[in-house]
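Before anything else, here's the structure in question.
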Amino acid sequence: MGVVVHPAQADQWDKKTILTVNQPIQVKERLLEPGTYVFKLLDSSSNRHIVQIFNSDQSRIIDTVLAIPNYRLEPTGDSRFAFWETPAGNAKAMRAWFYPGDNFGQEFPYPKHFIQLEASVTTIAPPAPMSTQIETQPAEPQAVTEPQAMTQETQKEEEQQELAQATPPPQPPPPAATPEPPPPQPSAERAAPESLPKTSSPYPLIGLAGFLSVGLYGLLRLRRSS
């Protein structure tokens, strides 16, 4: 891959660097077509790892990328860009950017399984399938003759008879439960008998009365004689 780097020594604060590439590259999720771009840091004292990418004349900002610190043991006198290896047919992914004379640079993190951006290739779109429209005219209603009308009525009657035979007759409702009579309750007092029991014979009573009369008569005579 042809990469031409032109460091701008005018300002050390923003690390302005001009990069020219002859084939597409990607910086995180941004695809850069072949051309000239300007890389520099955002004017911020709190975070020195925010990279801005501009077009060649800096009239339009293309992307702002949040990078992480990267360290190298031996600094060089020119700007260095490192790239990840990507499958054939895909744009190379920029890994890191080091400014001349700096040990610390900018690393562009990617997900573990990031989506490779394919290089822009002019492809011819397949022709759209030809659409066919078929117009159908509604058929004219035919006059129904008398035999046909009778046949239709017969078919309807047969269908009704089959439906009536297939439908089961309604089942009668279950008989209502007859309430059971309450059990008889015992009466508090025993009913009195209708008639007194009869004695076996009145003769003993008559004899007893006669015996008492004789005794009373004898007692009276004893009192008179005394």
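The values are calculated or read from the model by the stated rules, or taken from the named source; none is laboratory data. In this text the structure is predicted, and so the values were computed from the model without any measurement. Cβ: placed from backbone, ideal geometry, glycine included. Neighbour counts: every protein chain shown. In case anyone asks, the SASA skips ligands and DNA or RNA and just uses the protein heavy atoms, side chains included. Shrake-Rupley method; radii C 1.70, N 1.55, O 1.52, S 1.80 Å.
Sort through 78, 14, 43, 57 and tell me the only one that's out of contact with any His (no Cβ under 8 Å at 6 or more places or on another chain), open to solvent by less than 50 Å² (accessible area, probe 1.4 Å) and among the acidic types (Asp, Glu).
14
Filter the stretch 57-74 for residues that are in contact (Cβ under 8 Å) with a residue 24 or more places away in the chain and within 27 Å of residue 90 (Cα to Cα) and give the result.
62, 63, 65, 67, 68, 69, 70 - these are the residues of the stretch 57-74 that are in contact (Cβ under 8 Å) with a residue 24 or more places away in the chain and within 27 Å of residue 90 (Cα to Cα).
Checking residue 97 against (1) within 45 Å of the chain's Cα centre (by Cα); (2) in contact (Cβ under 8 Å) with a residue 60 or more places away in the chain: exactly one of these is not met. Which one?
So the condition that residue 97 fails would be (1).
I'd like the full set of residues that are of a type in the set (A, V, I, L, M, F, W, C) and open to solvent by 10 Å² or more (accessible area, probe 1.4 Å), limited to the stretch 22-40.
Correct list: 31 only.
In addition: Kindly indicate whether residue 64 is polar (S, T, N, Q) and modelled with pLDDT of 95 or more.
Spelling it out, residue 64 is indeed polar (S, T, N, Q) and modelled with pLDDT of 95 or more.
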